1. Within region 211-222, can you find the residues that are in a loop (DSSP other than H, G, I, E, B) and of a type in the set (D, E, K, R)?
2. Just one of the numbered conditions (1) of a type outside the set (Phe, Trp, Tyr); (2) outside any loop (DSSP other than H, G, I, E, B); (3) more than 15 Å from residue 128 (Cβ to Cβ) is not true of residue 417; which one?
3. Would you be able to tell me the number of residues in region 23-74 that are closer than 17 Å to residue 365 by Cβ, assigned to a loop (DSSP other than H, G, I, E, B) and not hydrophobic (A, V, I, L, M, F, W, C)?
4. Going residue by residue through region 248-258, is there one that turns out to be more than 21 Å from the chain's Cα centre (by Cα) and at negative phi?
5. Being of a type outside the set (A, V, I, L, M, F, W, C), in a loop (DSSP other than H, G, I, E, B) and surrounded by fewer than 22 Cβ atoms within 10 Å (Cβ to Cβ) is the filter here, so list the residues in region 350-385 that pass it.
6. So, residue 105, is that one more than 20 Å from residue 140 (Cα to Cα), among the polar types (S, T, N, Q) and not in a loop (DSSP other than H, G, I, E, B) or not?
7. Looking only at region 170-183, count how many residues are in a loop (DSSP other than H, G, I, E, B) and surrounded by 14 or more Cβ atoms within 10 Å (Cβ to Cβ).
Amino acid sequence: MPSRVFGKSSPGNILQIGQIGCGRIARTHDLPEVLKNKAARVTAVCDVDSKRLKEGTEFVQAWYAKQAGHANTTPVKAFADYRGMLRDPGIDAVIISTPDHWHSQPAMEAVLAGKDVYLQKPASLTVAVGRMLADAVNRTGRILQIGCQQRSMPQFRIACELVRNGRVGTVRKIQIGLPVDPSGKAESEMPVPQNLDYDRWLGSTPAVYYTENRVHPQNGYDRPGWLRCEQFGAGMITGWGSHHLDIAHWAMDTEYTGPVEVEAAAEFPESGLWDVHGNFRAEARYANGAVMTVGSAFPNGVRFEGDKGWIFVTRGDYAVTASDPVSGGKNAEALSASDPAILKPGDGPEWIRLPVSSEHHADWIDAVRNRRPPIAPAEVGHRSCTACLILHIAMKLKRKLYWDSQNERFRNDDAANAMLSRPQRYPYGTEFTRQG
């Protein structure tokens, strides 16, 4: 019998989980879903902001105290540096709910330390680092679930099954609608709060002065300003694009490849602290002939158009956080089609069926316990993130680019290839992480 049958991840044992990052998405989404799962227990939390670390510890302890009916529950360990958490042999797995620029490095270090990982999307800040992460997961055999939770929402799985089974015929066009972020004003330098390790928060990105709207609110858990700074991410093209492009790939069975051509045009702020893209329109052509158009002018969701009709899928009125865009009016339906017959469930042995997950974190926990692939594994998350990142590069270069998905390089384009990675600030960054 393999040793894992008797180990901490065996079906009979409760997983001991550490939470890295105690901000908005952790408190409203990741922690609540894991805390209610009886197959796991959150035993440690980590944050570079000591105030958030304290409040994160209290959040977890209060939840368990409420369940137990008394305050005498097992204390939750608190770490200011996630590396201490990864060295703890009592922790089996970690959830990473950090800003985008702190996704890949702790995930990579976690799998190298023998921990399984739930990683918020997008998978990486660059294509090069995303490849490093996917390779590390593959090499170590750890379980990593990307937080593309739309795969665990029934309407998206049903839509993808219908497309794969030819209900709209041959897919000719895909339209993806994404929200955008507004630009902001210039922000003056502010003293770094004593509770924030700002150098570590910046991580591998350049050293720049502190101002609250560059980081996160010091009071409350409203939407943080870092989401609108290119230093820490690419904006909504990866923020929401990682969700919707993943669904497009799932439906087209292109999860392990990607587009062959991309081009885009976008508005970028000319001044101010927040500098991610505004309104945009991007196109990606796939080897199967389908053309995917992504833009801020379309309704939020994914529309598949073929020679037999169309399917539109969205989250409907579901939102993970209060700032998530939800559908309204004619787009309130989570799943619709040009003909109701298109949505009729299929059956029979020839009907292609996709994996079923009722809740994304629960799927990850079950995958860890049973050592099976999760519904959104590392390689799949890397490929959907890559498609978003190369569209962002096309926004910057303002010309058509030709993508080689096998080698993950642009064809005959040194300028575009130079944008597949970013310089990393020592001592942070995956360049300085031992690969084992």
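The values are calculated or read from the model by the stated rules, or taken from the named source; none is laboratory data. Small disclaimer: the values here were computed from a predicted structure and weren't measured. Please note: Cβ atoms are built from the backbone with ideal geometry, for glycine as well, and neighbour counts cover all protein chains shown.
1. Of region 211-222, the ones in a loop (DSSP other than H, G, I, E, B) are 211, 215-222.
Hit for region 211-222 is 222, nothing else.
2. Status for residue 417: all satisfied but (3).
3. Total meeting the criteria: 3.
4. Step one: list which residues in region 248-258 are more than 21 Å from the chain's Cα centre (by Cα), which gives none.
So far as region 248-258 goes, no, none of its residues is more than 21 Å from the chain's Cα centre (by Cα) and at negative phi.
5. At the first step, the residues of region 350-385 found to be of a type outside the set (A, V, I, L, M, F, W, C) are 350, 353, 355, 357-361, 363, 366, 369-374, 377, 379, 381-384.
Adding the requirement that they be in a loop (DSSP other than H, G, I, E, B) leaves 350, 353, 355, 357-359, 371-374, 377.
Result: 350, 353, 355, 358, 359, 371, 372, 373, 377.
6. Criteria not met by residue 105.
7. Residues in region 170-183 being in a loop (DSSP other than H, G, I, E, B) and surrounded by 14 or more Cβ atoms within 10 Å (Cβ to Cβ): 4 in total.
A quick yes/no check of all residues on (1) modelled with pLDDT under 95; (2) more than 25 Å from residue 162 (Cβ to Cβ):
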residue: 247; (1), (2): no, no
residue: 255; (1), (2): no, no
residue: 267; (1), (2): no, yes
residue: 308; (1), (2): no, no
residue: 315; (1), (2): yes, no
residue: 331; (1), (2): yes, no
residue: 337; (1), (2): no, no
